[in-house]
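Single-structure report; data block below.
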Amino acid sequence: MAKNFTKRSDNYSQWYNELVIKADLAENSAVRGCMVIKPHGYSIWEKMQAALDKMFKDTGHVNAYFPLFIPKSFLSREAAHVEGFAKECAVITHYRLKSDPNGKGVIVDPDAKLEEELIVRPTSETIIWDTYRKWIQSYRDLPLLINQWANVVRWEMRTRLFLRTAEFLWQEGHTAHATEKEAMEEARRMLDVYSTFAEEYMAMPVLKGVKTASERFAGAVETFCIEGLMQDGKALQAGTSHFLGQNFAKAFDVKFLTKENQQEYVWATSWGVSTRLVGALIMTHSDDHGLVLPPKLAPIQVAVIPIFKNEEELQRISEKIIPIINALKAKGISVKYDDRDTQKPGWKFNEYEFKGVPVRLAVGPRDLENNSLEIARRDELTKETIDFDKCVDYVEQLLEDIQSNLYNKALDYRTKNTVEVNTWDEFVQRIENEGGFISAHWDGTAETEEKIKQETKATIRCIPLDNPLEDGKCILTGNPSKQRVLFARSY
RNA sequence: CGGGGUGUGGCGCAGUUGGCUAGCGUACUUGCAUGGGGUGCAAGGGGUCGGAAGUUCGAGUCUUCUCACCCCGACCA
């Protein structure tokens, strides 16, 4: 157990913060609300990027890059969009500084005021649709399937490392289609990409659903989402995919000629996931001993620690273990051989454990005699002794086991913490105590949704996609309802 | 923006009714021993107390102003 590390059961959010810091993932920067992503945290993000990027390309998308700055007037073209983002935009008003005539330092040069202010993108729909107008003339130009890896800024009032920062890294896909059906299919397809990624790579089970009108993305016709359940019973929106209808095409006048020589507005989608996923990953699997990473996203999958008293002993160990390391690497496994003499073995054990390395091998003189080594798995914190000649296959299999074990544990947790509730008292009781997902009837009005939020802080996370229809009564108002929706408190 | 809090070696903190050379843990450096779960002992380096002004013989400590950050709410991926 790490020294001075808060337990989840004592204070979950403190546990989270300490974990991020102590596992060297990120730290607060000199800029309010903005984090420094440290190498270990960033390499997890890179693993995520690599997997997602491949999935995007495999579904026909290409990458491009649009400007960080957006003319202020662009934002207001789409009414709902500006309303949603106006309150959290950073604004560029000047382009030059000058020395302070009254003292030290520099001041904003009042003569360098911009004709039109620029905003730092909170999302890129507007600049991209303004550009798409020039790119799209004919049905032959469609579909346009573009993704961008970028940073965005949303001036949030309260921030938390990875979960909500003023600047964050993400990808945003922006696609244009000839038909409503095609755009809707795209939005759903990318939602599936996200859920596949979450489950197969992050080992995080997610629920796919559609947002209610009040939770919808500013400017979207329909917002789809994946929702995960964190270990403290709160839900986390892990990704969104929006069907934008023709809203942005109309706002930016993006039309195309159909085969029938008709002018029509194009149909759009946008979809994104962010560095918030790193936060989701942490909160899904990690424990009171630190970070736990699923092998598929672990920058180091196997740490090898020699135990030696002197140079000669290390050499004997290295001779034996390096061929094994090479065999593991040949299988595409990332291995770190930590033969530093500057840290003690016990120190290293704790280090890799806290940083979430899935598998640890330890080899010492004892193992050389027995022709064995010690294999420890991070997810279960168990150790075994394995014969040298069996260990390569064993490790390969173990990584797969850990990946699926993590998923199954998380799924089991979610299953146990998803309940159907039929009365208001039960609902309130559940929200206040256990948390988790609550499946309950809702009368479908924004007023009721808002009132439930006011009274319990619970929001409708989504209406699950394959939701069965079922007659019932709204838990708050008793009005008739056709289906259950999913409530939770959320991040 | 409302409420609360904190600024003192890299990090985490103590510092009493103003008083003498500003202290502790940890981290760091060196040496010796140690080496299968954050090793022990010893020695050593490093701060002028967020900033400004004031009161005083004397300010980390009191006063005023100011800046920054953190936590709780409203807002949000």
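What ranking of A:C89, A:C225 comes out by heavy-atom accessible area, probe 1.4 Å, highest first? Numbers along the way, then the final one.
Values: A:C89 25, A:C225 0 Å².
My answer, sorted largest first, is A:C89, A:C225.
Can you tell me the convex hull volume per residue for the range A:1-109, based on C-alpha atoms, in Å³ to the nearest whole number?
Enclosed volume per residue, from the Cα hull, is 257 Å³.
For the range A:289-325 and the range A:440-491, what is the separation of their Cα centres, given in Å?
51
Note the angle between two axes, namely the Cα long axis of helix A:125-135 and the longest principal axis of the Cα atoms of chain A, as a number of degrees from 0 to 90, rounded to the nearest 10.
Here the helix axis deviates by roughly 70 degrees.
In degrees between 0 and 90, to the nearest 10, how far off the longest principal axis of chain A does helix A:311-330 point, with axes built from Cα atoms?
Rounded to the nearest ten degrees, it is 40.
Among A:307-316, A:376-385, what's the highest-first ranking by average C-beta atoms within 10 angstrom per residue?
On the way: A:307-316: 13.0, A:376-385: 15.6.
My ranking of the peptides, most packed first, is A:376-385, A:307-316.
Express the carbon and sulfur contribution to the solvent-accessible surface of the range A:285-410 as a percent, rounded to the nearest whole number, probe 1.4 angstrom.
Working: 2700 of 5890 Å².
Here it works out to 46 percent.
In the range A:1-150, carbon and sulfur make up what percent of the accessible area (probe 1.4 Å)? Intermediate results must be reported in sequence, preceding the final value.
Working: 4340 of 8110 Å².
C and S atoms contribute 53 percent here.
Among the listed pairs A:K211/A:K409; A:K72/A:K211; A:K38/A:K355; A:K296/A:K409; A:K47/A:K234; A:K234/A:K296, which have their C-alpha atoms separated by more than 19 angstrom in this model?
Distance filter (> 19 Å) returns A:K211/A:K409; A:K72/A:K211; A:K47/A:K234; A:K234/A:K296.
Looking at the range A:300-401, what % of its DSSP beta bridges pair antiparallel, to the nearest 5? Write down the numbers at each step before the final one.
Working: 10 of 18 bridges.
In the range A:300-401, DSSP labels about 55 percent of beta bridges as antiparallel.
Distance between the C-alpha centers of the range A:360-429 and the range A:65-117? Whole Å please.
Value for the Cα centre distance between the two parts: 50 Å.
Would you give the gap between the C-alpha center of the range A:139-176 and the C-alpha center of the range A:196-272, rounded to a whole Å?
12
From the cross-link list A:K453/A:K482; A:K348/A:K416; A:K208/A:K331; A:K87/A:K181, which pairs have alpha carbons spaced over 24 Å apart? Before the final figure, lay out the partial values.
On the way: A:K453/A:K482 21 Å; A:K348/A:K416 36 Å; A:K208/A:K331 34 Å; A:K87/A:K181 33 Å.
Check vs 24 Å cut-off fails for A:K348/A:K416; A:K208/A:K331; A:K87/A:K181.
Angle, helix A:180-200 long axis vs. longest principal axis of chain A, Cα atoms, 0 to 90°, nearest 10?
20
Gain in length, A:E46 to A:A327, computed as 0.36 nm per residue apart minus the alpha-carbon separation, to one decimal in nm?
On the way: separation 281, 0.36 × 281 = 101.16 nm, distance 2.45 nm.
Residue separation times 0.36 nm, minus the Cα-Cα distance, leaves 98.7 nm.
If I compute solvent accessible area with a 1.4 Å probe over the protein chains, what percent of it on the range A:420-488 is carbon and sulfur?
The nonpolar share, carbon plus sulfur, comes to 47 percent.
Search the structure for amide H atoms under 5 Å from the amide H of A:C89, placed 1.01 Å from N in the peptide plane, and list their residues when 5 or more places away or on another chain.
Amide H to amide H, under 5 Å and 5 or more residues apart or across chains, A:C89 pairs with A:W155.
How high is the relative contact order of the range A:300-401? Use alpha-carbon pairs under 8 Å, at least six apart in sequence, and give a whole percent. Write out the running numbers ahead of the final one.
Details: 138 pairs, mean separation 32.0, N = 102.
For the range A:300-401, the relative contact order is 31 percent.
For A:K134, which lysines qualify as cross-link partners when the Cα separation must be under 17 Å and same-chain residues fewer than eight apart are set aside?
In chain and number order, the partners are A:K250, A:K255.
I need the fraction of alpha carbon pairs in chain A separated by more than 35 Å, rounded to a whole percent.
The calculated P(r) of chain A puts 43 percent of pairs beyond 35 Å.
Ordering A:M283, A:M157 by accessible area with a probe of 1.4 Å, largest first, what comes out?
On the way: A:M283 0, A:M157 170 Å².
Most to least solvent-accessible, the answer reads A:M157, A:M283.
Which order do A:K409, A:K457 take by accessible area at a 1.4 Å probe, largest first? Working shown, then result.
Numbers: A:K409 90, A:K457 150 Å².
Result of the area sort, largest leading: A:K457, A:K409.
Where a Cα-Cα gap under 17 Å defines reach, which lysines qualify for A:K320, not counting those fewer than 8 residues away within the same chain?
A:K309, A:K329, A:K336, A:K390
Using a 1.4 angstrom probe, figure out how much accessible area chain A has per residue, in square angstrom, rounded to the nearest whole.
On the way: 22650 Å² over 491 residues.
With all protein chains present, chain A gives 46 Å² per residue.
The values are calculated or read from the model by the stated rules, or taken from the named source; none is laboratory data. Please read all numbers here as calculations on a predicted model, not as lab measurements. Glycine gets a Cβ as well: all are built from the backbone with ideal geometry, and neighbour counts include every protein chain shown. Each accessible area value is taken on the protein alone, full model and side chains, heavy atoms only, with ligands, DNA and RNA left out. Shrake-Rupley method; radii C 1.70, N 1.55, O 1.52, S 1.80 Å.
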